[in-house]
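Notes to accompany the following structure.
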Amino acid sequence: MAKDTSGSLGAKIREVGFHSFIYGFGSVAQSAVQFLLIPVLTASLATAEFGAYSLIQMASVIAGGVFYLGMTSALPRSYFDYDQEQDRRSVFTTAFLLLLAGALTQVVLGKVAGGWISRALLQTDRYSSEVYWALLGSALSFVNQFFFTYLRFLRRSVASIMLSILALIGSIGVSLLLLQRNPQDLTAPFRGIAYAQAAVFAVFLSAFGRRAFTTSLKEKEIGILLRFGVPAVVTSFAAMSIDWVDRIFIQRMLTSADVGVYSVGYKLGSIVNTLLVTPFAQIWNPMMIEYRSHGDVGEFFSKIVSYYFLASSLILVTVCVFVRDALPFVARSQGYLAASPVILLVMTGYLLNGSANILAAGLIYERRISRIAVIYYVIAVLNIGLNFYFIPRFGITGAAITSLLTYALMPLVIYLDASRYFPIRFEAERLFRISIIAAFALFFGLFVDLRFAVPLSAKGVLLAVLVSSLLLLCTTKDERRQFRRVIIRSA
């Protein structure tokens with residue numbers, strides 16, 4: 001295939017930056033309900049009850065990661081194999097029907113097996129209703145994520161954001177209304193999400209259904225979609241086991257109250273997934289496929305790696321400096337204040353793991369997703385061993401250390417395999433500078449701020465020094481000028 005050199009490197013980078021910034025708002029709106037409910041739930045629920053809520057949410061996330069059948073991941077690879085709009089609509093419709101079958105199966109499972117799932121997680125079946133609503137909301141959510149993927153193909157960022165805001169307002173509004181009636185009702189947040197996601201589903205069909213769907217299917221794509229999607233599910237299941245198995249170990253080795261505290265810290269640490277990793281991946285994944293044949297793709301990847309870690313470090317240093325001061329405003333009970341080190345360790349791990357979206361390019365280009373699954377399962381087994389070692393010795397902080405180690409290892413191993421098909425030339429000096437500044441901030445947050453009462457004024461000065469160092473030592477004048485243009489354009 002002849003290489004396409006259309007579109008300058010700077011234009012591609014600006015496109016990634018602009019749409020990542022725009023989709024960041026949408027991603028925040030889609031995921032913010034889980035974070036906005038933390039102050040409400042921690043104010044009204046004991047740590048043990050919040051632990052039960054977190055384990056039920058875990059079940060819904062795992063179910064959604066299986067029953068979406070990998071269609072959201074498989075769609076871009078098949079969609080861009082066609083140039084004609086009608087063919088693309090056929091691919092979209094075919095993938096949607098597969099996805100819908102998985103969603104309906106998940107809802108039926110929640111209705112039929114809710115009591116069994118409740119007993120398996122919490123040794124009681126009194127949470128069966130919560131399990132059903134959680135699985136229903138999860139099914140509607142992954143269907144809507146499929147729709148959001150379609151809107152990103154069309155670069156319909158405004159529509160994506162508006163639907164995301166609808167989901168946010170609906171989820172929070174209904175949840176708060178139900179919680180006002182009964183503060184101890186654990187079905188409230190799950191019902192709020194389900195109702196809001198149902199509204200988004202209806203609005204999308206009304207506004208975009210005629211353009212998105214067609215009566216003709218791509219039957220030959222069914223096998224292709226499943227061959228790409230099922231390995232993605234298998235990989236996703238391993239990834240989710242790494243994300244959630246620590247809570248099972250904490251419940252067994254420690255207490256349900258510790259599960260609650262750890263879950264608050266984990267949720268707050270994972271907010272970077274909403275602020276940076278997810279919006280970046282949402283625009284990057286289709287662009288990575290679309291531009292794979294362009295002549296400057298090597299330099300494009302090189303720059304994107306550096307910019308990703310630079311953006312990650314800007315977020316991390318800010319949180320490291322102020323986490324101790326901000327936590328009491330989010331977790332409204334003294335019992336949750338031990339979550340500070342969990343926040344920082346989990347956040348660092350998420351940011352490192354997010355780089356796998358870039359580093360796995362060689363395996364994605366070659367459709368070798370099953371190799372990623374193998375890597376994830378090997379690391380999942382290692383994660384179990386690390387939890388056995390660290391949790392009895394360091395409690396919930398040990399679980400966070402395990403998360404950091406495994407999250408850091410995954411992109412490294414993935415790239416070692418993917419580089420055989422698509423090597424990336426890294427900007428080693430710039431990445432070294434970024435890592436030194438980020439490591440200093442992490443040391444401050446974990447070992448200095450938790451032991452000494454550092455004044456807010458001193459923290460403000462420290463943050464200014466760290467941010468200035470990142471911008472002045474890790475970027476060029478031309479890049480800073482380009483960054484300002486992207487920000488102005490996005491404002």
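Only the coordinates and a few stated rules stand behind these numbers; no lab work does. What you are looking at is a predicted structure, and each value in this text was computed from that prediction instead of being measured. Backbone-built Cβ (ideal geometry, glycine too); neighbour counts: all protein chains shown.
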Exercise. Over all pairs of distinct alpha carbons, what does the Kirkwood formula give as the hydrodynamic radius of segment 377-454, in Å?
Worked result: 15.1 Å
Seminar exercise, completed: Least to most buried among ILE343, ILE172, by other C-beta atoms within 10 Å and fewest first, runs ILE172, ILE343
For this session: Have a look at LEU97, LEU351, LEU472 and report the one farthest towards the positive end of the charge dipole of segment 9-490, computed about the Cα centre with Cβ charges (Lys/Arg +1, Asp/Glu -1).
Result: LEU472
Exercise. Among ASN182, TRP133, VAL158, which residue has its Cα positioned farthest towards the positive end of the charge dipole of segment 97-235, with +1 placed on the Cβ of Lys and Arg, -1 on the Cβ of Asp and Glu, and the dipole taken about the Cα centre?
Worked result: VAL158
For this session: Extending each Cα 7 Å along its Cβ direction at THR124 and LEU463, get the distance between those two points in nm, one decimal.
Result: 4.1 nm
Problem set entry | Placed amide H near HIS294: partners under 5 Å, 5+ positions off or other chain | ASP4
Problem set entry | Approximate spin-label separation VAL230-ALA198, in nm, with each point projected 7 Å along Cα-to-Cβ | 3.3 nm
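What's the long-distance tail for segment 416-491, i.e. % of Cα pairs beyond 22 Å? Before the final figure, lay out the partial values.
Numbers: 1363 of 2850 pairs.
Value for segment 416-491 (Cα pairs over 22 Å): 48 percent.
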Exercise. Out of THR72, SER256, ALA52, whose Cα points farthest toward the positive end of the dipole of the chain (charges: +1 Lys, Arg; -1 Asp, Glu; placed on Cβ)?
Worked result: THR72
Exercise. If you add up the charges near SER128, with Lys and Arg at +1 and Asp and Glu at -1, over every other residue whose beta carbon is less than 13 angstrom from its beta carbon, what do you get?
Worked result: +1
Seminar exercise, completed: Here the membrane-span-like helices of the chain, with no claim about any membrane, defined by DSSP H, Cα axial extent at least 15 Å and mean Kyte-Doolittle at least 1.6, are 157-181, 456-473
For this session: Rounded to whole Å and sorted largest first, list the principal axis extents of the Cα atoms in the chain.
Result: 61, 56, 42
Seminar exercise, completed: For ARG252, the net charge from surrounding residues (Cβ-Cβ under 13 Å; K, R +1; D, E -1) works out to -1
For this session: Under 1.5 on a/c is rounded, so check that first for segment 107-247, then, if it is not, pick prolate when a/b is larger than b/c and oblate when it is not; a ≥ b ≥ c are the square roots of the alpha carbon gyration tensor eigenvalues.
Result: oblate
Problem set entry | Extension gain from ALA453 to ALA46, taking 0.36 nm per residue of separation minus the Cα-Cα distance | 143.7 nm
Exercise. At what distance in angstrom do the alpha carbon centres of segment 205-232 and segment 383-455 lie from each other?
Worked result: 38 Å
Problem set entry | Dipole moment magnitude, nearest 20 debye, segment 9-490 about Cα centre, only Lys, Arg, Asp, Glu C-beta charged | 560 debye
Seminar exercise, completed: With -39,500 (n - 2.57) per DSSP H segment of 4 or more residues and division by the full residue count of the chain, the 222 nm estimate, nearest 500 deg cm²/dmol, is -28000 deg cm²/dmol
Exercise. Where does the charge balance sit around MET240 when Lys and Arg score +1, Asp and Glu -1, over other residues with C-beta under 14 Å from its C-beta?
Worked result: -1
